[in-house]
1. Keeping all protein chains in the complex and leaving out DNA, RNA and ligands, what accessible area do you get for TRP213 with a 1.4 Å probe, in Å² to the nearest 10?
2. Explain nothing, just the number: dipole magnitude of region 1-85 about its Cα centre with +1 on each Lys and Arg Cβ and -1 on each Asp and Glu Cβ, in debye rounded to the nearest 20.
3. Report ASP201's accessible area, 1.4 Å probe, all protein chains in place, as a number in Å² to the nearest 10.
4. Calculate for the chain the 222 nm mean residue ellipticity that helices alone would give, adding -39,500 (n - 2.57) per DSSP H run of length 4 or more and normalising by residue count, nearest 500 deg cm²/dmol.
5. Say we join alpha carbon atoms closer than 10 Å with springs in a Gaussian network model of the chain; which of LEU217, LEU59, LEU98 then has the biggest fluctuation?
6. Treating only the Cβ of Lys, Arg, Asp and Glu as charged (+1, +1, -1, -1), what charge dipole size does the chain show about its Cα centre? Round to the nearest 20 debye.
7. Over the chain, with every protein chain in place, what whole percent of the accessible area is carbon and sulfur at 1.4 Å, could you tell me?
8. Using just the C-alpha positions of region 4-102 as equal point scatterers, what log10 of I(q)/I(0) does the Debye formula give at each q in 0.11, 0.16, 0.21 1/Å?
Amino acid sequence: MSEQGGRTATFKGALWMLGSLTSLALMAIGGRELAGHLSTFQIMFWRSTFSFLIIATLLSHFGWTQVRTSAFRVHATRNVFHFAAQFGWFYAIGLIPLVEVFALEFTTPIWLAVMASIILKERLTPVRILAVLVGFVGVMVILRPGVNAISIGSLAALGAAVGYAATHVATRFLALRDAPLCILFYMTAIQMPLGLLPALDHWRWPGPVDWFWLAALGVVSMTAHYTLTRAMQLVEATVAAPMGLLRLPLIAAVGYVFYAEKLEVWVGIGSVLICAGIFLTIRDAGRR
């Protein structure tokens, strides 16, 4: 690919990632609204159910032949990791500030860089390593370990980051082989029963307002994964994931506007460092 073609692909990948970031911010709002009414497993089950109905409708229109795959084991493994990561993410959203959830989730590129270099054989250039480290420093500035106590919610968010890293690696592998609708179909088809079984314990039917947020979760979770898949069809996993660090200033604004969560100066400093890491990553990808 020429230098100009590489920059065009990176720019398009960045736009798809922007769609994913917006969807994830809306997911965070929906998860926070539902946290006090339904268990985490119930939220995940209904989210998968609504998403499955959407995907089934789309496949009925575009053709079910898209679900054919020669990598079902990879789909299954991906969704086990993603289910565990989603549980940690939704669980943490109900316990700690949104900005802290997202900040801890941003250790994902650290784990991803190691996994992608080993499994996908993606090259870790010095600039990309520097970009990841700069972003990680930004996260540490926000969290200030040793100053703030680490809660169970923080540990859940950190565990989610590890699970998301494994998910990104599998998504990059599948995106080069299967259609986005295929990946989304197996995600919902596998995770729906995974959420149902534990959700049956202390089952509670959603209220009228809950149904709205659950339906919204079903829609935005699909758009989040679809746009992420499209992004990873254009750029490498170690390039796409650091772009997601823009979620931090975005979710900080959401927490401030909707939930009166305080914006600290450390968040601003850390966000500047994170954005610097993103700039380094995109610049390196464009050159290549």
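1. Looks like 60 Å² after rounding.
2. Working: 7 positive and 2 negative charges, 36 e Å.
My answer is approximately 180 debye.
3. 100 Å²
4. Numbers: 12 runs with 226 residues, N = 288.
It comes out at -27000 deg cm²/dmol, rounded to the nearest 500.
5. LEU59
6. On the way: 20 positive and 12 negative charges, 155 e Å.
Result for the chain is approximately 740 debye, rounded to the nearest 20.
7. On the way: 9250 of 13150 Å².
Ligands and nucleic acids excluded, carbon and sulfur give 70 percent.
8. Treating every Cα as an identical point scatterer, log10 I(q)/I(0) equals -0.49, -0.96, -1.20.
The values are calculated or read from the model by the stated rules, or taken from the named source; none is laboratory data. Predicted, not measured: the structure shown is a model, and the values here were computed from it. Note that we place each Cβ from the backbone using ideal geometry, even for glycine, and neighbour counts take in every protein chain shown. What goes into the accessible areas is simple: the full protein's heavy atoms, side chains included, and nothing from ligands, DNA or RNA. Shrake-Rupley method; radii C 1.70, N 1.55, O 1.52, S 1.80 Å.
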